[in-house]
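Notes follow the structure.
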Amino acid sequence: MIKFNEPYYTGNEIVYMQDSLTRKKLCGDGFYTNKVSEFMEKTFKTKKALMTTSCSMALDMSCILAELKEGDEVILPSYTFVSTANSVVLRGAKCIFADIDKQTLVIDLDDVEKKITNKTKAIIAVHYAGVSCDMDRLMEIGKKYGVIIIEDAAQAVNAKYKGRYLGTIGDMGCYSFHETKNYVCGEGGALLINADNSKLISDAEIVREKGTNRSNFYRGQVDKYTWVKMGSSYLPSDILAAFLLAQFEKMEEINELRGAVFNRYFDRTEKLEKLGLVRRPFIPEYNDINYHMFYLITNSNEERNNLLEAFKKEQIVATFHYLPLHTAPMGLEMGYKEGDLPVTEDLSARLIRLPLYADLTEEQIDKIVKVLYDFFGVEMI
Ligand SMILES: *Cc1c(COP(=O)(O)O)cnc(C)c1O
């Protein structure tokens, strides 16, 4: 049996977690939370990195901070994880789903521009598989129309656009450290504040601390703390931050291991692509990816589904990805229907994801690739 995903341990997770216990401060914003925030601010170069309990919660925070309200519109891809849309819906704002680009599978900026109205308050770009849209153009669109840019960089930690880390380019960026992502702590995330806006930073601290100015109090900037804004509790326990620090310290090692898996898949499936049987991931020149996932696009939905079956028979876990949100029950309720986003619908029906994690061996990869060659009746290279 080959699993789809498996967390990688560097060995120091348990050491740091043990140490966090001896410090007798298990709640949020302790020693290790400060360490990982500092790591993110220094390494990724952002003004403020705030640990959250998940990327979903970072997205929720970003939508509170964008001051979304009923009647506001937010443009986002339909080809994404549910959390991107939930954060908008929870504020009572409207999801305006945009189509994706055929080649990159990320939000189509021509479609975005078509969908901008005077009600558009924000655009959420999702960096699928560590690939981004043209961020320069997206930021220009944001400026031109006075729209807030939020990056759902859940899958893009340590991936870059023109040398800059994804998640640090939009006004706000959201990271995930969920077990299935590249750098993990079980459940966790971060909100990055990139805009040159000190009010946004202090508001983010307040929203994250139950709507209180407790962060100012801890820094000695006020002598009491109190309820100053709408907020909730988005701080993870310091024990989880301790786990994450061990992962961050080995960020490049993990990236190399994942990269070796990705590249082996990429090389070994070249022949299939040349024969027109599958399409491999397209990586724009402006991106350095983080090897978050490896997918293939088949020529038909039927072929994709049969391929999923073929893997299942070999006890290899391969999966489809994202049932489009606009044709999900919630999307239909919003008034969307099949046919509204043709590229999204077409590609999601033909995409298959293969197992990818740091510990996947060459032997396992070759076994997976052989299933592909056998399926298509092609002799393996
Ligand atoms: C994983 C993921 C999320 C959610 O991350 P959590 O940390 O599990 O909340 C959001 N958006 C995208 C694109 C994701 O891949």
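The values are calculated or read from the model by the stated rules, or taken from the named source; none is laboratory data. What you see is a predicted model; the values in this text were computed from it and never measured. Because the Cβ atoms are built from the backbone with ideal geometry, glycine has one as well, and the counts that use them run over all protein chains shown. For accessibility, only protein heavy atoms count, side chains too; no ligands or nucleic acids. Shrake-Rupley method; radii C 1.70, N 1.55, O 1.52, S 1.80 Å.
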(request) Average the reciprocal distances over every distinct pair of alpha-carbons in segment 223-301, invert the result, and give the Kirkwood radius in Å. (result) 16.8 Å
(request) Using amide H atoms built 1.01 Å from N in the peptide plane, name the residues 5+ places from Asp72, or on other chains, whose amide H lies under 5 Å from its own. (result) Lys94
(request) Just add up the charged neighbours of Lys102: K/R +1, D/E -1, any other residue whose Cβ is under 11 Å from the Cβ of Lys102. (result) -3
(request) Just add up the charged neighbours of Tyr336: K/R +1, D/E -1, any other residue whose Cβ is under 15 Å from the Cβ of Tyr336. (result) -4
(request) Quick one, can you get me the convex hull of the C-alpha atoms of segment 26-85 expressed as volume per residue in Å³? (result) 123 Å³
(message) Which of Ala85, Ala310, Ala204 ends up with the largest GNM mean-square fluctuation for the chain, with Cα atoms connected below 10 Å?
(response) Ala310
(request) With a bin width of 10 angstrom, please list the P(r) values of segment 129-236 as percents of all Cα-Cα pairs, from the 0 bin to the one holding the largest distance. (result) 14, 36, 32, 17, 1
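Any idea what diffusion coefficient segment 1-120 gets from Stokes-Einstein, in µm²/s, Kirkwood Rh on alpha carbon pairs, 37 °C, 0.692 mPa s?
Working: Rh = 17.7 Å.
Translational diffusion coefficient: 185 µm²/s.
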(message) With the cut-off at 29 Å, tell me which of the pairs Lys25/Lys69; Lys102/Lys250; Lys114/Lys162; Lys143/Lys337; Lys25/Lys229; Lys69/Lys210 have Cα atoms farther apart than that.
(response) Lys25/Lys69; Lys102/Lys250; Lys143/Lys337
(request) Take the Cβ-Cβ distance between Ile14 and Thr361 as r, set R0 to 25 Å, and report the resulting FRET efficiency rounded to the nearest 0.05. (result) 0.55
(message) Nearest 10 degrees is fine. How inclined is helix 13-22 to the longest principal axis of the chain, computing both from alpha carbons?
(response) 20 degrees
(message) Given a 1.4 angstrom probe, I'd like the percentage of the accessible area of segment 310-381 that is carbon and sulfur, rounded to a whole number.
(response) 54 percent
(request) For the chain, just run the numbers: alpha carbon Rg, then divide by 2.2 N^0.38 Å, N being how many residues it has. (result) 1.01
(message) Taking loop as defined by DSSP and a crowding limit of 15 other beta carbons within 10 Å, which GluC sites (Glu not before Pro) in segment 49-152 fit?
(response) Glu67, Glu70
(message) I want the local charge near Tyr265. Using Cβ-Cβ distances under 14 Å, sum +1 for each Lys or Arg and -1 for each Asp or Glu among the other residues.
(response) +3
(message) Looking at the chain only, what percent of DSSP beta bridges run antiparallel? Nearest 5 please.
(response) 60 percent
(message) Through the Karplus equation 6.51 cos²θ - 1.76 cosθ + 1.60, θ set to phi - 60°, convert the phi angles of segment 133-144 into ³J(HN,Hα) values in whole Hz; use x for Gly and Pro.
(response) 7, 5, 5, 4, 5, 4, 5, 5, 4, x, 5, 4
(request) Calculate the length of the line joining the C-alpha centroid of segment 168-218 to that of segment 48-67, in whole Å. (result) 5 Å
(message) Could you tell me the calculated FRET efficiency between Lys162 and Asp346, based on Cβ-Cβ distance and R0 = 25 angstrom, to the nearest 0.05?
(response) 0.30
(message) Tell me the mean residue ellipticity at 222 nm calculated for the chain from its helices only (DSSP H runs of n ≥ 4, each -39500 (n - 2.57), averaged over every residue, nearest 500).
(response) -11500 deg cm²/dmol
(message) Please state the shape class of segment 299-381: rounded when a/c is under 1.5, otherwise prolate if a/b exceeds b/c and oblate if not, all from the C-alpha gyration tensor.
(response) prolate
(request) Taking only Cα atoms and a 10 Å spring cutoff, compute GNM fluctuations for the chain and point out the largest among Gly173, Gly163, Gly189. (result) Gly163
(request) Per residue of segment 23-39, in order, report the coupling 6.51 cos²θ - 1.76 cosθ + 1.60 (Karplus, θ = phi - 60°) as ³J(HN,Hα) in whole Hz, putting x for Gly and Pro. (result) 6, 6, 9, 9, 6, x, 6, x, 3, 6, 4, 4, 4, 6, 5, 4, 4
(request) Any chance you could list P(r) for segment 91-152, counting all Cα-Cα pairs in 5 angstrom bins from zero, rounded to whole %? (result) 4, 17, 33, 27, 14, 5, 0
(request) Would you mind working out the accessible area per residue for segment 5-125, using a 1.4 Å probe, and quoting it in Å²? (result) 44 Å²
(message) Pick from Leu245, Leu323, Leu356 the residue whose mean-square fluctuation is largest in a GNM of the chain, springs joining Cα atoms under 10 Å.
(response) Leu323
(message) Within 10 Å of each candidate Cβ there may be at most 10 other Cβ atoms; applying that plus a DSSP loop requirement, which GluC sites (Glu not before Pro) in segment 205-293 survive?
(response) Glu285
(message) Return the Rg/Rh ratio of segment 265-308 with Cα-based radii and a Kirkwood Rh.
(response) 1.01
